[in-house]
């Protein structure tokens with residue numbers, strides 16, 4: 001281990017020389033080696049000098065508590081800085097959370113937090129269950145459980161009225177020794193069960209309220225080791241219930257929530273192969289020689305692959321970046337009986353002898369995501385150092401020496417945490433892998449039309465429904481590239497205009513021979529008697545450049561024409577990111593009729609330009625029978 | 001006084017108060033270091049516990065009223081740990 005004194009001097013040198021990323025990486029290394037209250041102060045003070053120079057996400061966190069959290073808040077700030085989150089922390093007064101929550105003008109709300117943690121211990125909120133369980137009758141226990149659950153419900157409701165912040169509820173912990181000893185597990189009248197019932201109710205409440213999340217505090221204590229966690233004397237003298245060694249377990253758990261809540265997350269995991277996905281080197285050891293299977297030592301590598309598969313199912317895209325002969329490595333991935341991951345799980349493959357940093361850049365381009373959305377995992381410290389140096393935006397995960405610790409290292413990475421999962425997220429990993437197979441097909445096709453034909457695309461258009469409302473709003477908020485006006489809409493706003501007879505809101509879903517892309521396009525138009533004006537027209541980057549956009553425009557032109565309109569028009573408002581949509585109207589025979597500093601208004605005569613506005617013959621366009629406005633049950637859309 | 005031990009304690013106390021080590025002496029205490037209140041005292045205790053892998057009792061914490069007293073206490077506690 002490097003001498004901390006030299007490390008600190010080195011950090012000062014980096015800062016003096018204005019090598020911001022090197023300073024950041026050295027601070028992260030120091031913090032990982034010594035996550036102590038003393039180091040925390042050093043790390044925070046240095047990051048405070050770097051915060052203007054590094055990409056940091058600001059976040060205001062309030063902690064409502066029944067125990068001493070100030071020393072933990074210090075460690076949390078240091079850990080957050082190391083994760084790229086510049087945290088401002090407010091700590092509430094001891095046991096003052098009900099007042100803080102109910103009073104709309106409290107210190108809590110004046111702080112305008114982004115995230116609030118409600119950290120209450122079992123012994124503070126449920127002293128009867130904690131201290132005197134054996135004196136309670138089953139009815140008493142039920143009454144306590146109901147009283148506590150109802151209190152939490154009241155707090156959640158009041159909080160939601162007063163604040164837009166995310167709320168993280170600590171669950172309650174069970175005692176080290178249940179009051180009834182081993183008997184506790186034999187009886188329905190059980191202390192552990194009573195506490196677990198409260199936790200299940202908290203979990204249910206969190207699920208029913210948007211922006212409320214459940215933190216399984218009991219599981220955090222158990223993971224660390226319940227008997228090592230507690231420091232009863234320090235609790236009695238300083239209201240600090242845990243040992244200093246346990247701090248990072250809890251601050252680490254808080255960070256698992258802060259990463260997804262602040263958007264400091266990675267969308268893709270790029271993995272090395274040799275000594276990462278399997279033990280040994282495929283080019284030297286061969287198929288029979290590499291370690292990969294259900295028994296020692298190959299099981300370590302299967303555990304890591306299983307962790308990656310879990311991430312894949314959480315919507316994280318997987319890709320390979322390896323120095324190898326491509327044929328050797330592909331044979332292993334495709335046919336080795338011990339492999340859990342297969343080619344279909346990987347959205348991009350870079351198996352070659354070029355620089356891995358260059359490969360990472362290419363993978364980012366191919367997947368159409370930023371380098372800051374990529375995590376790279378490798379066992380080789382030199383490759384990790386090279387990636388860090390060349391691509392400071394990439395999150396580099398350096399595997400530990402011993403392969404038994406591989407899977408836990410990956411599962412511990414907070415950049416892959418998600419607190420909600422949409423159907424789209426679940427499918428994402430698969431979508432990208434299918435995309436790669438499509439791209440391979442494109443290389444095989446002789447003309448671009450052949451390629452389009454071979455895709456066997458089906459586009460389904462329908463008016464927005466209560467079922468698709470959330471996804472529609474999400475697409476308007478997230479789509480940057482193929483977006484003609486980049487106007488963002490809330491669910492509320494879309495529901496409003498969809499209920500107005502002058503407006504049309506359509507969604508488009510796309511399928512092809514490789515799979516279902518789901519809902520990927522949105523069109524919003526204002527329908528006046530002679531002129532239809534396109535207010536929003538956007539398509540997810542997953543399906544752009546395959547003439548789906550032409551199919552959508554043809555539908556809109558047809559609808560407008562059928563309703564007696566003569567002109568179809570729309571603005572193109574350029575942004576830094578929507579260049580892919582720049583020539584869209586021009587390519588479809590629209591003319592500029594007005595130009596301002598913000599953009600250009602294009603228009604087309606619907607009678608004259610029928611051929612340029614036709615649906616491409618290789619796309620099967622299906623229009624829902626419900627495009628007729630009258631048949632839509634608009635009252636369902638009221639949010 | 002064990003000077004090596006003093007330096008380690010000095011560096012930790014300096015860190016907790018965001019001071020440079022040369023601003024800390026054996027006589028540094030809650031009376032002459034700004035901000036050394038009960039909460040910061042807890043941070044000093046926790047930082048020392050982490051650094052030296054020790055635990056201080058409530059009585060010991062009450063006695064840790066200067067850097068010199070802290071160094072003496074840690075020396076005493078470390079000496080009591082049997083070496084293998």
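Of all helices (runs of 4 or more DSSP H) completely enclosed by the stretch A:1-74, which ones contain at least 3 residues that are more than 30 Å from residue A:92 (Cα to Cα)?
Here the list reads A:4-16, A:20-33.
Matching residues to (1) more than 13 Å from chain B (Cβ to nearest Cβ); (2) without any contact (Cβ under 8 Å) to a residue 24 or more places away in the chain; (3) exposed (fewer than 14 other Cβ atoms within 10 Å of the Cβ); (4) over 29 Å from residue B:39 (Cβ atoms):
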{"position": "A:5", "(1), (2), (3), (4)": "no, yes, yes, no"}
{"position": "A:13", "(1), (2), (3), (4)": "yes, yes, yes, yes"}
{"position": "A:28", "(1), (2), (3), (4)": "yes, no, no, no"}
{"position": "A:38", "(1), (2), (3), (4)": "no, yes, no, no"}
{"position": "A:45", "(1), (2), (3), (4)": "no, yes, yes, no"}
{"position": "A:48", "(1), (2), (3), (4)": "no, yes, yes, no"}
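Okay, residues lined up against (1) over 27 Å from residue A:232 (Cβ atoms); (2) in contact with a strand residue (DSSP E or B) (Cβ under 6 Å, 6 or more places away or on another chain); (3) more than 8 Å from every other protein chain (Cβ to nearest Cβ); (4) in a helix (DSSP H, G or I):
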residue: B:18; (1), (2), (3), (4): yes, no, no, no
residue: B:39; (1), (2), (3), (4): no, no, no, yes
residue: B:48; (1), (2), (3), (4): no, no, yes, yes
residue: B:62; (1), (2), (3), (4): no, no, yes, yes
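Residues that are under 30 Å from residue A:203 (Cβ atoms) and modelled with pLDDT of 95 or more, at least 1 per element: which helices (runs of 4 or more DSSP H) completely within the stretch A:353-421 meet that?
Output list reads A:406-411.
Here are some conditions: (1) out of contact with any helix residue (DSSP H, G or I) (no Cβ under 7 Å at 6 or more places or on another chain); (2) modelled with pLDDT of 95 or more; (3) surrounded by fewer than 18 Cβ atoms within 10 Å (Cβ to Cβ). Residue A:288 meets all but one. Which one does it not meet?
Every condition holds for residue A:288 apart from (2).
Is there a residue in the stretch A:50-60 that is surrounded by fewer than 16 Cβ atoms within 10 Å (Cβ to Cβ), within 14 Å of chain B (Cβ to nearest Cβ) and out of contact with any strand residue (DSSP E or B) (no Cβ under 6 Å at 6 or more places or on another chain)?
No, the conditions are met nowhere in the stretch A:50-60.
Being surrounded by fewer than 18 Cβ atoms within 10 Å (Cβ to Cβ) and under 20 Å from the mean Cα position of the chain (by Cα): is that true of residue A:280 here?
The answer is no for residue A:280.
Quick one: what pairs do we get from the stretch B:23-35, first residue in contact (Cβ under 8 Å) with a residue 12 or more places away in the chain, second surrounded by fewer than 16 Cβ atoms within 10 Å (Cβ to Cβ), C-beta under 6 Å, 6+ apart or different chains?
Within 6 Å, the pairs are B:29/B:65.
Can you pull out the residues in the stretch B:50-60 that are touching a helix residue (DSSP H, G or I) at 6+ places or on another chain (Cβ under 8 Å) and either more than 9 Å from chain A (Cβ to nearest Cβ) or buried (at least 18 other Cβ atoms within 10 Å of the Cβ) (or both)?
Once the filter is applied, which keeps residues that are touching a helix residue (DSSP H, G or I) at 6+ places or on another chain (Cβ under 8 Å) and either more than 9 Å from chain A (Cβ to nearest Cβ) or buried (at least 18 other Cβ atoms within 10 Å of the Cβ) (or both), the stretch B:50-60 yields B:50, B:51, B:52, B:54, B:56, B:60.
In the list B:9, B:71, which residue meets the criterion of being touching a residue at least 60 places away in the same chain (Cβ under 8 Å), crowded, with 17+ Cβ neighbours inside 10 Å, under 23 Å from residue A:35 (Cα atoms) and away from chain A (no Cβ under 14 Å)?
B:71
Test residue A:206 against the criterion of being under 28 Å from the mean Cα position of the chain (by Cα), closer than 24 Å to residue A:36 by Cβ and modelled with pLDDT of 95 or more, and give yes or no.
no
Quickly run through the stretch A:186-196 and pick out the residues that are surrounded by fewer than 19 Cβ atoms within 10 Å (Cβ to Cβ) and either at pLDDT 95 or above or under 22 Å from the mean Cα position of the chain (by Cα) (or both).
Correct list: A:186, A:192, A:193, A:196.
For the stretch A:154-184, which residues satisfy the criterion of being touching a helix residue (DSSP H, G or I) at 6+ places or on another chain (Cβ under 7 Å), part of a helix (DSSP H, G or I) and farther than 15 Å from residue A:100 by Cα?
Matches in the stretch A:154-184: A:184 only.
What is the one condition in (1) on the phi > 0 side of the Ramachandran plot; (2) within 14 Å of chain B (Cβ to nearest Cβ) that residue A:225 does not satisfy?
Result: residue A:225 fails condition (2) only.
Quick check on this structure: which one of A:232, A:208, A:253 is more than 14 Å from chain B (Cβ to nearest Cβ) and either surrounded by fewer than 17 Cβ atoms within 10 Å (Cβ to Cβ) or over 29 Å from residue A:408 (Cα atoms) (or both)?
One residue alone meets the criteria, A:208.
Taking only the stretch A:237-249 into account, find how many residues are more than 8 Å from chain B (Cβ to nearest Cβ) and either in contact with a strand residue (DSSP E or B) (Cβ under 9 Å, 6 or more places away or on another chain) or more than 18 Å from residue B:53 (Cβ to Cβ) (or both).
5
If we only count helices (runs of 4 or more DSSP H) wholly inside the stretch A:212-326, which ones have 2 or more residues that are farther than 30 Å from residue B:47 by Cβ?
A:282-289, A:299-313
What number of residues within the stretch A:156-180 satisfy the criterion of being closer than 13 Å to residue A:202 by Cα, free of Cβ contacts under 8 Å to residues at least 60 places away in the same chain and touching a strand residue (DSSP E or B) at 6+ places or on another chain (Cβ under 7 Å)?
5
The values are calculated or read from the model by the stated rules, or taken from the named source; none is laboratory data. The model shown is predicted, which means the values in this text are computed figures rather than measured ones. Note that each Cβ is placed from the backbone with ideal geometry, even for glycine, and that neighbours are counted across all protein chains shown.
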